[in-house]
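Remarks on the structure that follows.
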Amino acid sequence: MSILKTEVIIMFAQQEVIRPSADLRNHYNEISRQCREDNEAVIITVNGRGDTVSISYEEYKRMKARIELLEILAEADEDVKYGRVAPMKNTFDDLRSLLKEGKA
């Protein structure tokens, strides 16, 4: 299994709870606690269908960082696949030259 597939599986291992939209209005503090303390994703339904998902702010930041990393890794994977790579020595030599010129 590739690194990307493994990360995606881990990223969505969070517990999920389904609650109707009325609970969001009537039991907000409880839902907020579920998200923050129990690390649960709360799926809010409207008329029995999934509408929105509530997660803690900390979990949101972690998920966003993981997605950004996965996007970078996918780009790098594609670069390797299509031969858009350069030897590491050349890359570091270019960076050193830029630093010496004061452009980096």
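The values are calculated or read from the model by the stated rules, or taken from the named source; none is laboratory data. None of the values given here were measured: they were computed from a predicted structure. With ideal geometry, Cβ positions are generated from the backbone for all residues, glycine too; neighbour counts draw on all protein chains shown. Each accessible area value is taken on the protein alone, full model and side chains, heavy atoms only, with ligands, DNA and RNA left out. Shrake-Rupley method; radii C 1.70, N 1.55, O 1.52, S 1.80 Å.
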Handout entry: All positions within segment 34-50 that are surrounded by 14 or more Cβ atoms within 10 Å (Cβ to Cβ) and either of a type in the set (D, E, K, R) or in contact (Cβ under 8 Å) with a residue 60 or more places away in the chain (or both)
Key = 36, 40
Practice task
Test each condition in (1) within 25 Å of residue 14 (Cβ to Cβ); (2) open to solvent by less than 70 Å² (accessible area, probe 1.4 Å) for residue 102 and report the one that comes out false.
Solution key: (1)
Practice task
Scan segment 69-82 for residues that are among the acidic types (Asp, Glu) and open to solvent by less than 90 Å² (accessible area, probe 1.4 Å) and report the count.
Solution key: 1
